[in-house]
Amino acid sequence: MLTIEEILETIKMVQQENLDIRTITMGISLRDCAHPEARVACQKIYDKITRLAANLVEVGEEIAQTYGIPIVNKRISVTPIALVAESSREEDYLLFAQTLDRAAREVGINFIGGFSALVHKGFTRGDHALVHSIPAALAGTERVCASVNVASTKAGINMDAVYLMGRVIKDTAERTAGQDGLGCAKLVVFANVPEDNPFMAGAFHGIGEPECVINVGVSGPGVVKKALEKVRGADFGTLAETIKKTAFKITRMGELVGRVAAEKLGVPFGIVDISLAPTPAVGDSVAEILEEMGLERCGTHGTTAALALLNDAVKKGGAMASSYVGGLSGAFIPVSEDAGMIRAAAEGALSMDKLEAMTCVCSVGLDMIAIPGDTPAETIAAIIADEVAIGVINRKTTAVRLIPAPGKQVGDWVEFGGLLGRAPIIPVHKISAAEFVRRGGRIPAPIHSLNN
Amino acid sequence: MSSKRIIISIIGPDRVGIIAGVAGILADHNINILDISQTILQEFFAMIMIADMGRSTISLQELKELLTAKGEELGVSISAQHEDAFNYMHRI
C-alpha cells in the first residue's frame, strides 16, 4: 500500500516542482517512401505520417489526464530526409520540408525532426542537396527541424561539412532575420548523433530503428533542485545519492507514460531519454541546480565539476529505473531556455569558453547560444570544430545550436518566446580561425588504445 | 494498466463538508471508496482517497471535471489520478 507521504510527494512534484514528461516522440521510418518522382515521394511521406500519427496528440492528452502528469510536447521524428529524397532527381529539397510541415500541422504537433543528413565521412549527392536546402527549408516552414552529423569517433571530423555548416547557419540566420535568426534554433550540428533522441531540434529516426516507435523524454530540474534544498551542506556522497533517487522517480514516470502510449498507439516502446531539460520558467532550471550545490553563479569555477556530478547521478538513477534508456540522457544546458543560464550569461558569469568546458561532461553541447550577428561563418565553423572534437575524442555526443542574431551585438538580446526563451548575445573570440577552417578535408579519427 | 483504481487528493484549508461533498459525487456515480486517509500538512488539510472506478457510470475525465467544480465551491484543490502514476514511481 502506498503511504500518504508518497502520494503527496508525487502530487507536489507535479504541481509545485514542474515535473513533466517533456515529450512523447513518435519515430517513423520513411525508407519506403523513396521514389524517383519527388511529388510521389512527398505524397507517400505525407500519407504515412498522417496515418501513423493520427492519434498521437489525442493519446498524449488522454494519458496526461489519466495519470495527472503534464505531457508538454507531442512530436515526430522521421528518417533523415537526405536518405529518402536522394532517389528523386530533385536538387532542392524544399518540397520535402514543406511536406513534413504540412503533415505536422495536420496531426497537430509543433515540431517534426528529421530534415537531416549524416555526413561524418563524406557527402552523397542527396546529402549535398539537403544541406544546401536547409536555410530555405527552415525559413519557409514553421515546424520542421534540421540536423546534420558532421563527425564521429570512428570517422573523424568532416571539416568540409563543418565549414559548410558555418555558412548554412549564417544563411539561415539572415533568412529569418525578422525573428532574431529563429531558423537557427531549429538547426543542430552533431558529432556522434544518437539515432533515438526524442528531443528537438536534433531528433530524427535512425536507420537502425524499427518501422515506428515511441520514445519518451522526461524532465524535472525543479524536482531535483527541491530535493537538493533538503540536503544543504551535506557532503558530495549525499548529494549524488539524492540526485540518483530523484532521477529514479522521474524516470519511472517516463517509463510508465512511454509504455502506455506505445500500447495505445499500437507501436513498440523505444526508449526513455533520462534528461534534465530546462524551460525558461522560474524553478525549472539546470543552472539553479548547480547553484543550489553551492556555486554563487553558474559559470564560475567549479561549475564543470558540479555538472559532471549531476549528469552522472542522473544517469545512474535513471538506468536503474528503466532498462531501455537511450537518446542523449543527461543534463541539457541550453542558454536561452534556462532562467538560471540566462541570468548567468547576462551577468557575464557564463562565457563561451566555460560553456564549451561544461559540454565535456554533459549530454549535449553548445545549445541555444546567441552570438553577434556579424560573426564570420569561419568563426562559427571553428566553434563547431572545437565542439565536435570534444565529442569525437571523448566518444560522446556533442552538438552545436548557435544563433548569430542578425544586426545584434553583445549587450543586445534575442527573444524567441515560448519554450525557446530569450538570451543575451554572448561575445565570441575576434581572432580569426579562417585559415584553419578553409583547409578542408577530414580530421582523422582518433586512436583509442593510448587513452588519456 | 488494467486496474481501475484511482487516487483522489484534496488539499486546502480545512472546513466543514469537504468529505461529504467529494463522497457524494463518488456515490452518485457508483464509484466505491476503498480507503481514506487524512493528515494536516503544515496548516493545510490533506486528504487522500483511494476509489474503484470499476463500475463507475462516468469516465475519469468527467469525474475530474465534477471534482474540480466541487473543489472551487469548497475552496480546496482536488485532483484525481490513476493509481499507477504513484505505484510506478514508488514501487519496483
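The values are calculated or read from the model by the stated rules, or taken from the named source; none is laboratory data. Since the structure is predicted, the reported quantities are computational estimates derived from the model, not experimental observations. All Cβ positions, glycine included, derive from the backbone under ideal geometry; neighbour counts span all protein chains shown.
May I ask you to verify whether A:Ser449 is surrounded by fewer than 20 Cβ atoms within 10 Å (Cβ to Cβ), of a type in the set (S, T, N, Q) and in contact (Cβ under 8 Å) with a residue 12 or more places away in the chain?
no
Which of the residues that make up the stretch A:1-44 are of a type in the set (S, T, N, Q) and within 24 Å of the chain's Cα centre (by Cα)?
A:Asn18, A:Thr23, A:Thr25, A:Ser29
Exactly one condition in (1) within 29 Å of A:Lys121 (Cα to Cα); (2) part of a strand (DSSP E or B) is not met by A:Cys362; state its number.
(2)
Going through the stretch B:35-58 one residue at a time, which ones are surrounded by fewer than 12 Cβ atoms within 10 Å (Cβ to Cβ) and within 13 Å of chain A (Cβ to nearest Cβ)?
Matches in the stretch B:35-58: B:Ile40, B:Gln42.
For a quick check of your reading of the model, give me the residue pairs whose first member lies in the stretch B:75-90 and is more than 7 Å from chain A (Cβ to nearest Cβ), whose second is assigned to a loop (DSSP other than H, G, I, E, B), with beta-carbon atoms closer than 6 Å and at least 6 apart or on different chains.
From the stretch B:75-90, no pairs qualify.
Could you check A:Pro210 against (1) of a type outside the set (D, E, K, R); (2) closer than 30 Å to A:Ile274 by Cβ; (3) in contact with a strand residue (DSSP E or B) (Cβ under 7 Å, 6 or more places away or on another chain) and say which number it fails?
For A:Pro210, the exception is condition (3).
Taking the stretch A:219-241, which residues are free of Cβ contacts under 8 Å to residues at least 24 places away in the same chain, in contact with a helix residue (DSSP H, G or I) (Cβ under 6 Å, 6 or more places away or on another chain) and surrounded by fewer than 20 Cβ atoms within 10 Å (Cβ to Cβ)?
A:Val231
Could you please find all residues in the stretch A:262-284 being among the small types (Gly, Ala, Ser) and either surrounded by fewer than 24 Cβ atoms within 10 Å (Cβ to Cβ) or at pLDDT 95 or above (or both)?
Answer for the stretch A:262-284, where residues must be among the small types (Gly, Ala, Ser) and either surrounded by fewer than 24 Cβ atoms within 10 Å (Cβ to Cβ) or at pLDDT 95 or above (or both): A:Ala262, A:Gly266, A:Gly270, A:Ala281, A:Gly283.
Which helices (runs of 4 or more DSSP H) does the stretch A:1-73 wholly contain that include 3 or more residues that are of a type outside the set (Ser, Thr, Tyr), crowded, with 20+ Cβ neighbours inside 10 Å and away from chain B (no Cβ under 14 Å)?
Where helices (runs of 4 or more DSSP H) fall fully within the stretch A:1-73 and carry at least 3 residues being of a type outside the set (Ser, Thr, Tyr), crowded, with 20+ Cβ neighbours inside 10 Å and away from chain B (no Cβ under 14 Å), they are A:38-52.
Of the numbered conditions (1) more than 8 Å from chain A (Cβ to nearest Cβ); (2) more than 30 Å from A:Lys245 (Cα to Cα); (3) within 13 Å of the chain's Cα centre (by Cα), B:Gln61 satisfies every one except a single condition; which is it?
Unmet for B:Gln61, out of (1) more than 8 Å from chain A (Cβ to nearest Cβ); (2) more than 30 Å from A:Lys245 (Cα to Cα); (3) within 13 Å of the chain's Cα centre (by Cα): (1).
Restrict the check to the stretch B:10-26 and report whether at least one residue is away from every other protein chain (no Cβ under 11 Å), at pLDDT 90 or above and in contact with a Pro (Cβ under 7 Å, 6 or more places away or on another chain).
no
With the requirement that a residue be more than 9 Å from chain B (Cβ to nearest Cβ) and either part of a helix (DSSP H, G or I) or in contact with a His (Cβ under 9 Å, 6 or more places away or on another chain) (or both), what does the stretch A:258-268 give you?
A:Gly258, A:Ala261, A:Ala262, A:Lys264, A:Leu265
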